[in-house]
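Input: a single structure, listed below in structure tokens.
Since every read-out is calculated from the coordinates, none of them should be taken as a lab result. Computed from a predicted model, the values in this text were never measured in an experiment.
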Amino acid sequence: MSRRAQFKFRLYVAGDTQNSANAVANLTALCRARLPDRYNIEIVNVFREPQRALAEGIFITPTLVKVLPSPTRRIVGTLSQMEPVLHTLGLNSVST
């Protein structure tokens, strides 16, 4: 039996802003639809952890980082347009 890849995402947000809430909701919906039981989402609030964001070069929020599997990829915005997000993250060919 082949093991399917697990995905790890890190989403940098700026507190409780509408854009942050939209990005969290859109990423969660995308993962549930495309990667059921194969994903982990870590939310990093840049207001609470500014040094962490700076260390990773995050200057705009929301920013999504696909940590695993390689290669690492980033996308900025609310993640509202599914096809460009899938393409940028390299998920357009991932089967559920």
Query - Stretchable slack from residue 87 to residue 74, in nm (0.36 nm times residue separation minus alpha-carbon distance) - result: 3.5 nm
Report task. Compute the acute angle (0 to 90°) between the alpha-carbon long axis of helix 18-34 and the principal axis of greatest extent of the alpha-carbon atoms of the chain; round to the nearest 10°. Result -> 10 degrees
**Report entry** the chain: relative contact order in percent, alpha carbon pairs under 8 Å with at least 6 residues between
**Finding:** 38 percent
Query - Read-out mean projected area of the Cα convex hull in nm², derived from the coordinates shown; its label in (i) 5.4; (ii) 6.1; (iii) 8.8 - result: (ii)
**Report entry** Contour minus Cα-Cα distance for residue 37 and residue 49 (0.36 nm per residue)
**Finding:** 1.5 nm
